[in-house]
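Report on the following structure.
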Amino acid sequence: MILGFDTATGITAVAVADRGAVVSEEWAGPGPDGRPAAARELLGMIDAAVRGAGGWERIRTVAVGRGPGSFTGLRIAISTARALSQARRIPVVGIDTTAALAAGIAVDRVAAGGARVGVVDARRGEVFAAADRGEGAGEPVVCRPRELAEALGGGLAGATAAGDGAVRFRSEIEAAGFAVPVDEDPANRLSAARICGLAAKMGRGEARFPAVVTPKYMRRPDAERWRERDHRS
Amino acid sequence: MRRILAIETSCDDTCAAVLEGPRARSNVVSSQARLHARYGGIVPEVASRRHLELINPVIDAALEGGGTDLDRVDAVAVTVKPGLIGALLVGVSTAKSLAAATGKPLIPVDHLHGHVAAAFLEPEPLAPPFLALIVSGGHTLLAEVRAHGSFAVAGQTLDDAAGEALDKAARLLGLGFPGGPAIQREAAAGNPESFPMPVAMSRGGGLDFSFSGLKTALVYAVGDLGPERTLERRADLAASFQEAVVGQLVAKLRRALDRGGWEAVALGGGVAANALLRERATALCAERGVRLKLVPPELCTDNAAMIGSAARHAEPIAYPGYLALDAAAR
Ligand SMILES: [Zn+2]
């Protein structure tokens, strides 16, 4: 069985899958204060999912969303994954959050030849995005929503874009030529079952023990950029 | 709880230790000081990223160095507050997950209780009651310790921490980061009486500290001198500033002792490594006939052995009561 989770977007998502079948899937939205609740919710959801699946002995792989997304969210999920791996001696595989979002768009909803694009709200008026043209999602990019088509390399006529970033910047992204599912469509919400699904597709060979998974921050710390700017001027 | 694995990530050091009673079987600290030096101070996002890279190898090293493994540990302890929230979260998520995946209890620890509890550790453990003066880049605390499991704050800084003041002074004088050791080195060749610094002592006999006035005085002194003469007089400036910081710390300690009843003092925190502070505190305690416990340097700077020491006297939470436990900045 695969235990999968992701806290890179505003929600906390946990699932267990067994040979392609979803055993359990849960998600929790932000807390009452509007802030992501991963620090409080994630481990309890994992604990319940693992007990429901028959205990840690049944879990053969941990699959964790490695972003891009909220820096704090990435660190909570990845430190949790690494510690579970260290304690249970099970391998970990990292899955791109953008790839999981792209995989959450049903193939039959995409026009023939159209790509599926996972879009995460990157704050600061930008998005993280990756396109799946039928062979799995590529490397994520960071860009302004209206520059999404070019940033992903073009050739995306008829593509569907989903995720919290697609919802937040719906008008710009639709104007850029993408179809965006209605806000409440499940495709816009990261699914941990997709994290498990992509991990199963990658096969056991990709999972590592000790865990080597690292976050996809896609941005350097501000202090580093300021420092370089100061040194240039 | 015979054997405790303790984790500390509240600031810029990634730490893990294995404790057995008052003895640290291992105490691993992976310092990020050099990483942050290039920014002239601690950058929270940089610290959080580094903690995530280091935490698991540091824990492995602590377990191995302690001649044990996770299965043979009775409880996991972790700093939950106060500190940089992103940094704390790496340690808390890790500790909770290690404990939950093995069904062990978790012991949440207050970082300041950790600094106090460093005095309980071998060699020569100190037992309450005692006065603790904890001075570092993050805290300036005078604590009354009457029991192992708690402490009362008698005085704390109203603005900058003493170590922070030294860092700022060092930056102002172009001496690098961390500031404490740099100021101490420079001050060795200077005259501490050459630049009078304001004495921040509240008339009400309070035990709180204040260092922002000293910093302002130094800013003015440097401004009056100009860059060239500042460089010439740097040793004198460093010596005067260090004298003022240490003078205030020792004056408040003297005041606390005047209130009476104390037979022992523990001096801890990163700035406790300062030679002048050690010398003055030693003289004061000798004069009063009070035992002074100088916490060893490796237990003064942030470390996980002190967190494990506090955990021995804190309330463990049995699995699964801690699954929703969160970190707190303050
Ligand atoms: Zn500290």
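Coordinate-derived values only; no laboratory data. Keep in mind it's a predicted model, so treat the numbers as computed, not measured. Positions of Cβ are backbone-derived with ideal geometry, glycine not excepted, and every protein chain shown enters the neighbour counts.
Segment B:19-79 and segment B:137-158 have Cα centres separated by 24 Å. Bridge orientation summary for chain B: considering DSSP beta bridges with both residues in this region, about 60 percent are antiparallel. Between A:GLY205, A:GLY69, A:GLY94, the Gaussian network model of chain A with springs among Cα atoms under 10 angstrom shows the greatest mean-square fluctuation at A:GLY205. Would any residue of segment A:140-183 have its amide N under 11 Å from a label point 7 Å out along Cα→Cβ of A:ALA111? List them or say none. Answer for this model: A:156-160, A:177-179. When the square roots of the Cα gyration tensor eigenvalues are ordered a ≥ b ≥ c, the ratio a/c for segment A:13-90 is 1.5 or more and a/b exceeds b/c, which makes its shape prolate.
Highest mean packing comes first when the peptides B:141-150, A:20-29, B:91-100, A:78-87 are listed by Cβ atoms within 10 Å, giving B:91-100, A:78-87, B:141-150, A:20-29. Taken residue by residue and averaged, Cβ atoms of other chains lying within 10 Å of the Cβ of B:84-92 number 3. Here the 3J(HN,Hα) profile of segment B:125-132, calculated from phi with Karplus coefficients 6.51, -1.76 and 1.60 at θ = phi - 60°, is x, 9, 9, x, x, 7, 9, 10 Hz, Gly and Pro shown as x.
What does the convex hull of the alpha-carbon atoms of segment A:44-128 project to on average, in nm²? Averaging across all directions leaves 7.4 nm² for the Cα convex hull.
Set the Förster radius R0 to 35 Å, insert the Cβ-Cβ distance between B:ARG254 and B:ARG34 as r into 1/(1 + (r/R0)^6), and round the FRET efficiency to 0.05. If you can, show how the numbers build up before the last one.
Numbers: r = 36 Å, r/R0 = 1.04.
Once rounded, the FRET efficiency stands at 0.45.
The calculated 222 nm mean residue ellipticity attributable to helices in chain B amounts to -13500 deg cm²/dmol, summing -39500 (n - 2.57) over DSSP H runs of n ≥ 4 and dividing by all residues. Karplus-based coupling profile of segment A:68-83, in residue order and whole Hz: x, x, 4, 4, 5, x, 4, 5, 5, 5, 6, 5, 5, 4, 5, 5, with θ = phi - 60° in 6.51 cos²θ - 1.76 cosθ + 1.60 and x standing for Gly or Pro. A simple count of charges around B:ALA47, restricted to other residues whose Cβ falls under 14 Å of its Cβ and scoring Lys, Arg +1 and Asp, Glu -1, yields -3. The fraction of Cα-Cα pairs per 10 angstrom bin, counted from 0 for the protein assembly as shown, comes to 4, 17, 23, 21, 16, 11, 6, 1, 0 percent, rounded to whole percents.
Of all DSSP beta bridges in segment A:106-188, what percent run antiparallel (nearest 5)? Numbers along the way, then the final one.
Working: 10 of 14 bridges.
Of the beta bridges lying entirely in segment A:106-188, close to 70 percent run antiparallel.
Among the GluC sites (Glu not before Pro) in segment A:137-233, those placed in a DSSP loop whose Cβ has at most 15 other Cβ atoms within 10 Å are A:GLU184.
Each semi-axis of the equivalent ellipsoid for chain A is √(5λ) with λ an eigenvalue of the Cα gyration tensor; in descending order they amount to 28, 22, 16 Å.
What is the packing order of peptides A:115-127, B:177-189, taking the mean over residues of other C-beta atoms within 10 Å and listing the highest first? Provide the component values of the computation, followed by the final result.
Details: A:115-127: 23.2, B:177-189: 20.2.
Per-residue mean Cβ counts within 10 Å order the peptides as A:115-127, B:177-189.
Each principal axis of segment B:127-295 carries a Cα extent, and these read 52, 28, 27 Å when sorted largest first. Within the protein assembly as shown, DSSP assigns beta bridges of which about 60% are antiparallel (rounded to the nearest 5).
In terms of its alpha-carbon gyration tensor, segment A:85-146 comes out oblate; a/c meets the 1.5 threshold, while b/c is at least as large as a/b.
Counting other Cβ atoms within 10 Å of each Cβ, which trypsin sites (Lys or Arg not before Pro) in segment B:250-320 have at most 15 and sit in a DSSP loop? Provide the component values of the computation, followed by the final result.
Numbers: sites: B:LYS252, B:ARG254, B:ARG255, B:ARG259, B:ARG278, B:ARG280, B:ARG288, B:ARG291, B:LYS293, B:ARG312; in loops: B:ARG259, B:ARG312.
Passing sites in segment B:250-320 are B:ARG259.
Shielding value for B:52-59 is 3, the average number of Cβ atoms from other chains within 10 Å of each residue's Cβ.
Go ahead and estimate [θ] at 222 nm for chain A from helices alone: -39,500 (n - 2.57) per DSSP H run with n ≥ 4, summed, over the residue count, rounded to 500. Could the numbers behind the result be given before it?
Details: 8 runs with 77 residues, N = 233.
Helix contribution divided over all residues of chain A: -9500 deg cm²/dmol.
Put the Cα centre of segment A:72-97 next to the Cα centre of segment B:160-182 and the gap is 37 Å.
Within a 10 angstrom radius of each residue's Cβ in A:36-47, how many Cβ atoms of other chains show up on average? Whole number is fine. Walk me through the numbers on the way to the answer.
Numbers: counts 0, 2, 3, 10, 4, 2, 5, 12, 7, 1, 4, 7.
That works out to 5 on average.
Against chain A, whose longest principal axis is taken from its Cα atoms, helix A:192-202 shows a tilt of about 80°.
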